[in-house]
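Just below is one structure, and these are the notes that go with it.
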Amino acid sequence: MILTTATFAASDSTVKLIGAAVPLLALLWVRYLFQMIVLGVWQVRRGAFDLFRTGSLKLQIVRAVLLLTNSACTFAGLRHLPLPVTTSLAMLAPLISTLLAPLLLKDHVPRSKWAMVVLGFIGMLFVVRPGGSQFSWSVMFPIGAATTFACF
């Protein structure tokens, strides 16, 4: 879990550093090309050819578009906002997922989970500081990333 967190942090930091000089589509292309190669080789070595069969192609396409949109919004947010602000706003995904669970999935969300979501939201507010100089229209990028990830 620590290695995964460090990998995501390194990825976001790299995008933040080179994002101003490299077009967004090029960043996305390289990110998914690298992922396709690594995961493709891993799946072939495992002999997991069932990977290419699906019960619902439409849902798989929707999930792919949501993930691509999530990455595009994250990368655009990193281009226009400081890294901590972008990351904090993108961490609204659990809040959005919790809000969607009773509406779309008819799940019961206990008070304890609502309390944790509210605490996370308060923590995000401490980092983002709405009304501060860093709060502009560009916050819509990481909020879009959080929304698309929650739907994903």
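Please treat every number below as a calculation from the coordinates, not as lab data. In this text, all values refer to a predicted model and were calculated from it rather than measured experimentally. FYI the Cβ positions are ideal-geometry reconstructions off the backbone, even for glycines, and counts take in every protein chain you see.
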Revision key, fill the gap. Picking from 126, 121, the residue that is assigned to a helix (DSSP H, G or I) and without any contact (Cβ under 8 Å) to a residue 12 or more places away in the chain would be 126
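To keep it simple, each residue is scored yes or no on (1) surrounded by 11 or more Cβ atoms within 10 Å (Cβ to Cβ); (2) not in a helix (DSSP H, G or I).
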| residue | (1), (2) |
| --- | --- |
| 7 | no, no |
| 13 | yes, no |
| 17 | yes, no |
| 40 | yes, no |
| 45 | no, no |
| 55 | no, yes |
| 59 | no, no |
| 66 | yes, no |
Check your understanding: Does residue 31 meet the test of being basic (Lys, Arg), under 28 Å from residue 10 (Cα atoms), surrounded by 15 or more Cβ atoms within 10 Å (Cβ to Cβ) and within 14 Å of the chain's Cα centre (by Cα)?
Key -> yes
Point to revise | Filtered residues of segment 19-29 (kept if without any contact (Cβ under 8 Å) to a residue 24 or more places away in the chain and in a helix (DSSP H, G or I)) | key: 25, 26, 29
Check your understanding: Of all residues in segment 99-152 being over 16 Å from the mean Cα position of the chain (by Cα) and of a type in the set (Val, Ile, Thr), which is surrounded by the fewest Cβ atoms within 10 Å (Cβ to Cβ)?
Key -> 122
